[in-house]
Amino acid sequence: MNIKIRQVSIKDLDEVAKIEKICFPEAEAAARESFEKRIKTFPESFFVAEKDKKIIGFINGCITNEATIYDELYENSLLHVKDGAYQTIFGLDVIPDYRNQGIAAQLMNYMIKAAKGSGRKGVILTCKEKLIHYYSKFGYVNKGISRSVHGGARWYDMILEL
C-alpha cells in the first residue's frame, strides 16, 4: 500500500489520541495529555503514516539508556534521554480498516532505520505473548516477562540489537 510516513506535528495531536483509543484498551491507552508531552519532547522518534492525507497509524517512543522499558517512561517525558542508547517503542497503532496490509511493518522498519541513523545500540519494546512471534520477524529477541505492569497486563521485553 502506498502510504507516506512523516514526523509527527502538534497539529496531529487530536487524531493521534483518537487512534490510540481505537487501538488499545482503555487501561493501556495513552491519554491525550501524554501524547502532547511526547510530541513536544521527542518528535524525532514519533512518526505517523498517512494515506490520502489521513493519519491511519503511528509509532512512537522515547530514548533511554535502559535496555528494557519501565512503566514511568510512558508518562514522564522528562525521562527521555536525547542522546541515549536505546529507542523505545511505546505504541505501534494502525486503525482497523488498514490492518494486515503491511502498514505496521512499514512504520516499524522506518523507526528501526531512524534508530540506526541516530546511532542507537538497539530498539526495545514490550508486547503481549501473542505478538512475540510478530516482532521476532524484525529481529527482536524475547528477554522474558517484563517488570512493566502497564494497564494491568503481562508484558514481555523485546530487544533488537543494532
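Just so it is clear, none of the values below were taken in a lab; they were calculated from the coordinates. Note that this is a predicted model, so its numbers are computed, not measured. So basically every Cβ, Gly included, is an ideal-geometry build from the backbone, and we count neighbours across all protein chains shown.
Evaluation of residue 29 against the conditions (1) surrounded by fewer than 17 Cβ atoms within 10 Å (Cβ to Cβ); (2) farther than 12 Å from residue 59 by Cα shows that the sole unmet condition is (1).
Of everything listed in (1) touching a helix residue (DSSP H, G or I) at 6+ places or on another chain (Cβ under 6 Å); (2) in a helix (DSSP H, G or I), the single unmet condition for residue 21 is (1).
Taken over segment 116-130, the criterion of being of a type in the set (Gly, Ala, Ser) and either more than 13 Å from residue 68 (Cβ to Cβ) or in contact with a helix residue (DSSP H, G or I) (Cβ under 7 Å, 6 or more places away or on another chain) (or both) is satisfied by 117, 118, 119. Count of segment 44-71 residues, restricted to those that are surrounded by 15 or more Cβ atoms within 10 Å (Cβ to Cβ), acidic (Asp, Glu) and assigned to a loop (DSSP other than H, G, I, E, B), is 1.
Which of the following residues is loosely packed, with under 13 Cβ neighbours inside 10 Å and among the small types (Gly, Ala, Ser): 117, 151, 139? Lay out the reasoning, then the answer.
Numbers: 151 fails: loosely packed, with under 13 Cβ neighbours inside 10 Å; 139 fails: loosely packed, with under 13 Cβ neighbours inside 10 Å.
Within the list 117, 151, 139, the selection yields 117.
Does any residue of segment 25-35 turn out to be in a helix (DSSP H, G or I) and touching a strand residue (DSSP E or B) at 6+ places or on another chain (Cβ under 9 Å)? Break it down stepwise before answering.
Quick first cut of segment 25-35, residues in a helix (DSSP H, G or I) only: 32-35.
Remaining after also requiring touching a strand residue (DSSP E or B) at 6+ places or on another chain (Cβ under 9 Å): 35.
Yes, there is a match, as at least one residue in segment 25-35 is in a helix (DSSP H, G or I) and touching a strand residue (DSSP E or B) at 6+ places or on another chain (Cβ under 9 Å).
Table: residues versus (1) of a type outside the set (Phe, Trp, Tyr); (2) without any contact (Cβ under 8 Å) to a residue 60 or more places away in the chain; (3) part of a loop (DSSP other than H, G, I, E, B); (4) in contact with a helix residue (DSSP H, G or I) (Cβ under 9 Å, 6 or more places away or on another chain).
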residue: 73; (1), (2), (3), (4): yes, yes, no, yes
residue: 84; (1), (2), (3), (4): yes, yes, yes, no
residue: 93; (1), (2), (3), (4): yes, no, no, yes
residue: 97; (1), (2), (3), (4): yes, yes, no, no
residue: 114; (1), (2), (3), (4): yes, no, no, yes
residue: 132; (1), (2), (3), (4): yes, yes, no, no
residue: 147; (1), (2), (3), (4): yes, no, yes, no
residue: 158; (1), (2), (3), (4): yes, yes, no, yes
